[in-house]
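Values quoted throughout were computed directly from the atomic coordinates according to the rules given, and no laboratory measurement underlies them. Bear in mind the structure is a predicted one, so any value in this text is a computation, not a measurement. Note that we place each Cβ from the backbone using ideal geometry, even for glycine, and neighbour counts take in every protein chain shown.
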Amino acid sequence: MTFEELKEECLKCTKCSLHKTRTNVVFGVGKEDADVMFIGEGPGKTEDETGEPFTGRSGKLLTDYLIAVGLKREDVYIANIVKCRPPENRDPSEEEQELCIEYLRQQIRFIKPKIIVCLGRISACRLIDSEFKVTRQHGEFFEKKGFLMMGTYHPSALLRNSSLKEDAFDDFKGIVNKLKELR
């Protein structure tokens, strides 16, 4: 299977009930051999409308952080655990995550990022450790299944609580420093 075939399969997915209320499948965007892959929990309203992850207010903040640390949005890859919007922006259920996670696993296998950054609690708990605490462990790197992984605050959390922005920005600087070490 090619990356494009994976995307086509995902765009037609009806494995869980989220397909019934979606406008668009939000597969992911970015460089298909990116050194850094950002993974959120699932699409929001704007993302569902556009079919692209992190395009609303939280997406603008993510892009601003990337630019501020010298990264370009087009040089990273951005995806989510689930590819369809949960109604009312609720957290994706365990079942929804389980039915969708193979698409993400395949994306990771194709992209082979040097660093995976989990944006928010749901992504970090699913991919790093089910007991991950963003407030205590953000910015720490973990090695798991051959990948360096880090959890940080979801941009929407930063929009709700601006006192977290400095810590999150330090996490982004840490991503760039880790990339330099790996090169």
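So if we plug the beta-carbon distance of residue 33 and residue 169 into 1/(1 + (r/R0)^6) with R0 = 30 Å, what FRET efficiency do we get, rounded to 0.05? Once rounded, the FRET efficiency stands at 0.70. Neighbour counting of Cβ atoms within 10 Å sorts the residues 17, 163, fewest neighbours leading, into 163, 17.
For the chain, build the charge dipole from Cβ charges (+1 Lys, Arg; -1 Asp, Glu) around the Cα centre, then report which of 108, 27, 137 sits farthest towards its positive end. It is 137, whose Cα lies furthest towards the positive end.
The gain in end-to-end length when the residue 74 to residue 46 segment is fully stretched comes to 8.2 nm, 0.36 nm per residue minus the alpha carbon separation. Of interest is the spacing of the C-alpha centroids, which for the range 104-165 and the range 1-77 amounts to 15 Å. Starting from the Cα gyration tensor of the range 1-90, take the square roots of the eigenvalues, sort them a ≥ b ≥ c, and report rounded, prolate or oblate (rounded when a/c is under 1.5, otherwise prolate if a/b is larger than b/c, else oblate). Judged from the Cα gyration tensor, the range 1-90 comes out oblate (a/c at least 1.5, b/c at or above a/b). Just check the range 84-136 against the gyration tensor rule for me: Cα atoms, a ≥ b ≥ c as the square roots of the eigenvalues, rounded for a/c under 1.5, and otherwise prolate or oblate depending on whether a/b exceeds b/c. Since a/c reaches 1.5 but b/c is at least a/b, the shape of the range 84-136 is classed as oblate. Dipole magnitude for the range 3-182: about 180 debye, using +1 per Lys or Arg Cβ and -1 per Asp or Glu Cβ, origin at the Cα centre.
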